[in-house]
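Taking it in order: structure first as structure tokens, then the write-up.
The values are calculated or read from the model by the stated rules, or taken from the named source; none is laboratory data. Note that the structure is a prediction, hence the values are computed from the model and not measured. Quick reminder, even Gly has a Cβ in these numbers, built from the backbone with ideal geometry, and neighbours come from all protein chains shown. Protein only, heavy atoms only, side chains kept; ligands, DNA and RNA dropped before computing areas. Shrake-Rupley method; radii C 1.70, N 1.55, O 1.52, S 1.80 Å.
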Amino acid sequence: MHLYTAQAPNPSRVNIFLAEKNIVIPSTSLNVMEGDTRSADFQKKNSLCEVPVLELDDGTYLTESIAICRYLEHLYPESPLMGATPLAQARVEMWNRRMEQQIFSAVGNIGLHTIPFFADKVEQIPEYAKSMKSLLEKKWVWLDGELADGRTYVCDDAFSVVDITGMAALFVCEFIGIDIPDNLTHVQRWVSAVRADHKWG
Ligand SMILES: N[C@@H](CCC(=O)N[C@@H](CS)C(=O)NCC(=O)O)C(=O)O
């Protein structure tokens, strides 16, 4: 196996996942902002020119962070990060989709529509970025309400890939200078926990 990765939000999801399980696999780190993923050679690995990509020994390429995590979870089931029982797996799936669709997608769209590097990837619309910023504020409030029961981690109070997806969103927030309001004490508790107790990719 060989992992093509980078210091960027989605590759970090896989990097954190591996670190949490104490797994090391051979990897190549690309520089997204230098356009490393946009070469003709890399496009043969992923037609979308994005990392992460996991190359298997038979030459199969797996893309999409969560698909790679799913495969790694099967290979290395110890310290499960995607749920240990059918119900826990479904709960993680539910919460991961929520974290992706409600939080990470808004954060990602702000990045896509404001960072000059992405100007040739999407037609950048500043008003859309603005609308995503105000949507994100509401989504943090929503998450704060969900965490108001005092749990530390988002899904069933056990650290999982859901928190890792959230960490990727925090990674983008830091990069583009978006703060989470201090008064959202439950979200702040979660941020402190993932920062203090978990490795960053
Ligand atoms: N849906 C994909 C998204 C992958 C993705 O967007 N990767 C970004 C880095 S965070 C990338 O490689 N971008 C390269 C580019 O835009 O040129 C996943 O979950 O892995």
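Values as computed for the structure displayed
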read-out	value
Computed helical MRE - 222 nm, the chain, DSSP H runs ≥ 4 contributing -39500 (n - 2.57), nearest 500	-15500 deg cm²/dmol
Gaussian network model of the chain, Cα within-10 Å springs - most flexible of LEU184, LEU135, LEU87	LEU87
Amide N proximity, region 120-161 versus ARG38 label position 7 Å along Cα-to-Cβ, cut-off under 13 Å	120-123
Dimensions (Å) - region 1-50, Cα atoms, principal axes, largest first	33, 21, 14
Rounded to 5, percent antiparallel among DSSP beta bridges of the chain	60 percent
Angstrom value of the Kirkwood radius, inverse mean 1/r, which spans all Cα pairs in region 58-139	15.1 Å
Options SER134, THR63, TRP190, ranked by Cα towards positive dipole end of region 51-201, top entry (Cβ charges)	SER134
Accessible-area value, TYR128, 1.4 Å probe, nucleic acids and ligands omitted, Å²	80 Å²
Overall Cα dimensions of region 86-197 - principal axes, largest extent first, Å	41, 33, 23
Alpha-carbon radius of gyration plus Dmax, which is the widest Cα pair, for the chain in Å	17.0, 51
Cα-centred dipole magnitude for the chain, charges only on beta-carbon of K, R (+1) and D, E (-1), debye, nearest 20	200 debye
